[in-house]
Amino acid sequence: MRNAILILALVVTGIANAQEQKAQVPQITVTGEGKIKIIPDQAVITVGFQNSGKDAKEVKTMNDEVVDKVIKFLKKSGIPATDYKTNNVSLGKSYDYEKKKYNFQANQTLSITLKDLSKYDDIMMGLTDAGVNSIDGVEFKSSKMEDYEKEARKKAMLNAKQKASDYVSVLGQKIGKALLITDNSSVYVPQPMYKGGMMAMAAEAMPRETLAIGEIEISTNVTVTFALE
């Protein structure tokens, strides 16, 4: 009986050692990077407008008038209705302790997807004339962003594979299958800088060349673990 137990223990130990050796596959871990720089062909403009007063209905009506002017202007400029939308609407009340009375404030934000950047200046000035009084953000984009991101990912993997091959080639080894892939992608989007906000822009004559959009940099980083052969 003792001999049987000893044999069974040896078999179990042998299996465990074999599994441990199999798990300890020779491997190499490297990082790869894929970068692509592209020129944006679209912009998402987020603008806001607000009005304040003593009467809630009055300030809401004032905001509604701005919305009406903005939408009419966008339609006249050839911007499809699907390319603009309201992001946020709020109507709040605050108390002025010095004057001992309530004030109401209506706020609204609107995002516009501009697919023709040559219209940028005209759109901005038209929005100002319609009553928009703040720029909450301008994000530049590409209509082919997904295609460029795929290309960047492929470049990152090829870069990682080449690195691994370079390292192990001096040892007379080759890389095998990828055992683990960790992806970390980022996109740098340039933002235009403004001085004094929307109203300051409207107060001055705007030259034709006012927008330096720069480039979008799509950067993909991967960490890859390869088995060694």
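Each reported figure results from applying straightforward, stated rules to the coordinates on display, with no laboratory input. Note that the structure is predicted; figures quoted are calculated from it, not measured. Virtual Cβ from ideal backbone geometry, glycine too; neighbours counted across all protein chains shown.
Note on Ala227 and Lys37: with the Förster distance fixed at 41 Å, the Cβ-Cβ geometry gives a FRET efficiency of about 0.75.
Put simply, when 80-86, 108-114 are sorted by average Cβ atoms within 10 angstrom per residue, most first, you get 108-114, 80-86. For the residue pairs Lys35/Lys155; Lys69/Lys93; Lys37/Lys144; Lys37/Lys154, the C-alpha atoms sit more than 18 angstrom apart in Lys69/Lys93. If you wrap the tightest convex hull around every Cα atom of segment 42-141 and split its volume per residue, you get 95 Å³. For a straight C-alpha distance cut-off of 20 angstrom, the aspartates and glutamates reachable from Lys57 (same-chain residues fewer than eight places away being disregarded) are Glu65, Asp68, Asp96. Listed by chain and number, the aspartates and glutamates whose C-alpha is less than 17 Å from the C-alpha of Lys101, apart from same-chain residues fewer than 8 away, are Asp55, Glu58.
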